[in-house]
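Everything on this sheet refers to the single structure shown next.
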Amino acid sequence: MNKVEERAEEEEEEQSFEELGVDPRLIRALTKKSILKPTPIQRVAIPLILEGKDVVARAKTGSGKTFAYLLPLLQKLFTSQSPSTKNLAPTALILVPTRELCQQVCSEANSLIELCRVQLRLVQLTSSMSVSELKTTLAGPPEIVVSTPACIQTCLKNGVIQAKAVQDSLSILILDEADLLLSYGYEDDLKALTSHVPRRCQCLLMSATSSSDVEKLKKLILHNPYILTLPEVGDTKDDIIPKNVQQFYISCAARDKLVHILALLKLELVQKKVLIFTNSIDMSFRLKLFFEQFGIKSAVLNAELPQSSRLHILEEFNAGLFDYLIATDESQSEGKEQVDDQNGSERKKSKKHRKHKLDAEFGVVRGIDFKNVYTVINFEMPQTAAGYVHRIGRTGRAYNTGASVSLVSAEETEIFEEIKSLLGENEDKVSQFIAPFPLLSKNAVESLRYRAEDVARSVTKIAVRESRAQDLRNEILNSEKLKAHFQDNPKDLDLLKHDKMLSKKAPAPHLRDVPDYLVDPTTQEASKIVKLARAAMGNTNASRGKGSKGRFKRSRDPLKTFSAEAPKRAGKGGMKRKAKDTDNGHKYKKKHSA
Ligand SMILES: Nc1ncnc2c1ncn2[C@@H]1O[C@H](COP(=O)(O)OP(=O)(O)OP(=O)(O)O)[C@@H](O)[C@H]1O
């Protein structure tokens with residue numbers, strides 16, 4: 001790149017929201033949220049959307065896609081309000097695959113609207129609402145509706161929204177997390193809707209990955225769109241995971257995973273907050289009960305819990321009320337049961353053999369904005385490489401940094417190799433993108449083995465089953481209370497704690513703290529460095545805020561400068577990434593589709 005090109009790129013990177021043409025009210029609102037400069041996808045998408053272009057935006061997880069469409073959408077609605085024209089249907093429709101995402105988009109948008117002090121109504125429609133609730137919510141109508149395709153289809157079928165009114169009123173249609181809409185089974189719902197979408201309607205399609213599903217949707221909905229692809233996503237395999245996330249793995253036998261995760265958490269070798277993934281709900285309860293005996297408080301999150309409990313757990317975790325969340329993601333082995341609206345649509349497929357209903361519109365991984373998660377731990381490896389990308393995408397969001405640690409057993413070698421090849425690894429070479437975790441020594445693991453195995457034996461299948469049932473009962477009882485309470489006090493998070501003890505047996509006092517004599521000096525040193533680094537990076541629950549506040553100081557990163565084992569390999573992985581990290585090109589491709 002020559003100097004002129006370099007300068008042009010630098011200038012582009014320095015572009016402010018103001019220069020992108022964003023309304024001063026929105027800029028003030030963003031400033032209040034400590035969002036000061038646009039991310040690369042926002043820089044390119046906002047002006048095009050303001051101009052009224054159809055856009056397909058592909059940018060990696062956590063790159064700020066939500067504001068990339070919300071800001072121009074709100075701005076257009078601020079200025080287009082005309083009291084003489086009365087719409088009979090919403091002007092804008094945002095479709096997302098899950099209820100959790102509905103909730104998240106609504107709260108992001110509503111907080112901007114509130115801060116801007118404009119008259120604009122945005123509502124959320126969910127499949128759990130009755131026809132009369134849907135009608136009441138849509139009365140007006142509101143300018144913006146956020147929902148899932150299935151729910152909109154229910155509204156159309158039941159006459160809650162008239163097709164003719166959609167044709168007359170709809171000006172902007174946004175498909176968020178577009179790569180997932182089809183895999184959630186919404187193809188027919190989307191096809192039914194598109195027949196009513198007027199040609200003049202501006203259509204936007206946002207996604208984290210490119211897939212044949214995105215192509216299908218593009219053909220179905222968009223007319224001659226601008227395709228925005230940040231090179232970090234589309235072109236080079238090595239940048240599928242955000243650059244600010246360091247990836248590590250630990251090879252261990254499946255039966256040794258408990259002692260390894262105990263060592264990581266108890267010896268404080270990973271930074272908080274920590275999001276732990278399991279492939280089954282039973283395993284998440286096994287982990288929770290195991291942790292409890294060592295005085296580690298955690299909460300579980302899965303598709304079986306009532307929706308209000310799930311939203312509350314997310315809010316509490318995001319607010320920093322607890323540090324460890326064990327999530328079972330939606331694509332994993334237990335599958336998901338299709339439950340839909342109360343009006344008995346064809347999507348309701350009951351599976352008798354399953355004891356508990358899992359919510360088909362639950363999505364814990366995809367698109368959910370977990371705030372300030374520093375470490376993602378794959379206690380069990382995901383079943384697909386794409387699942388890995390989405391799990392890891394829960395850390396390192398926007399300008400924050402993060403790390404992931406995957407516990408890989410011999411049985412998981414195949415998927416691990418698949419993940420490495422997706423990231424662009426060459427089988428014969430030393431791992432470039434996922435390095436062995438350098439801070440956990442064999443001695444450290446062995447020092448905890450006796451205690452871990454003893455406690456693991458006490459967490460029997462019956463104990464797991466009982467605590468899972470108990471937790472579900474508690475949450476169902478609480479969910480009604482939560483629903484009512486949140487309507488009156490949306491900001492109150494302390495009503496119910498989700499990290500309470502489930503175990504019938506109180507933890508033995510001697511297991512709460514690891515005595516110094518059990519921890520070898522190298523591990524003590526490693527733990528000290530992690531703590532120091534956390535303090536130096538301002539990574540505490542209170543201070544590790546959004547945007548640039550928690551910005552990474554690479555030179556202070558212990559995972560780059562310290563190694564308890566295998567210093568050469570870890571160093572190599574670290575150095576390579578370090579070199580790559582300086583290459584912070586934010587180019588984009590813009591082309592008209594054929
Ligand atoms: N310009 C910005 N500066 C700093 N933080 C930002 C900026 N834009 C968005 N964020 C924050 O970054 C986080 C991630 O944004 P967002 O959820 O939009 O990512 P995403 O690209 O949609 O990710 P995913 O594909 O996982 O859904 C959010 O907490 C958001 O508030």
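Read the figures in this text as sums done on the coordinates, not as results from a lab. These numbers come from a predicted model, not from an experiment. Because the Cβ atoms are built from the backbone with ideal geometry, glycine has one as well, and the counts that use them run over all protein chains shown.
If you take the square roots of the eigenvalues of the alpha-carbon gyration tensor of the stretch 66-139 and sort them as a ≥ b ≥ c, do you get rounded (a/c under 1.5), prolate (a/b over b/c) or oblate? Oblate, since a/c reaches 1.5 and b/c is not below a/b.
Please compare each pair in K32/K272; K32/K297; K243/K273 to a cut-off of 23 Å on the Cα-Cα distance and tell me which ones are over it. Listed pairs above 23 Å: K32/K272; K32/K297.
Going by the alpha-carbon gyration tensor, a ≥ b ≥ c the square roots of its eigenvalues, is the stretch 14-135 rounded (a/c under 1.5) or, if a/c is not under 1.5, prolate (a/b greater than b/c) versus oblate? Cα axes put the stretch 14-135 in the prolate bin.
Cβ-Cβ distance of K164 and K297, R₀ of 51 Å, FRET efficiency by 1/(1 + (r/R0)^6): the value works out to about 0.40. Pairs exceeding 21 Å between alpha-carbon atoms, taken from K266/K528; K288/K461; K76/K157: K76/K157.
Rounded, prolate or oblate: which fits the stretch 12-233 when a ≥ b ≥ c are the square roots of the eigenvalues of the alpha-carbon gyration tensor, with rounded for a/c under 1.5 and prolate only if a/b beats b/c?
Oblate, because a/c is 1.5 or more while a/b does not exceed b/c.
Using R0 = 56 Å, the C-beta based FRET efficiency linking K461 and S212 works out to 0.85. Computed over neighbours whose Cβ is under 14 Å from that of D513, the net charge equals +1, Lys and Arg +1, Asp and Glu -1. Peptides 311-318, 69-76, 221-228 ordered by packing proxy, namely the average of other Cβ atoms within 10 Å per residue, highest first: 69-76, 311-318, 221-228. The mean sequence separation of alpha-carbon pairs under 8 Å and at least six residues apart, normalised by the residue count of the stretch 39-101, gives a relative contact order of 33 percent. The modelled label-to-label distance between R200 and S16, using points 7 Å beyond Cα along the C-beta direction, is 3.6 nm. Full extension of the segment from K531 to E446, taken as 0.36 nm per residue of separation minus the current Cα-Cα distance, would add 28.4 nm. Approximating the spin labels as points 7 Å out from Cα along Cα→Cβ, the R512-to-E51 distance works out to 6.3 nm.
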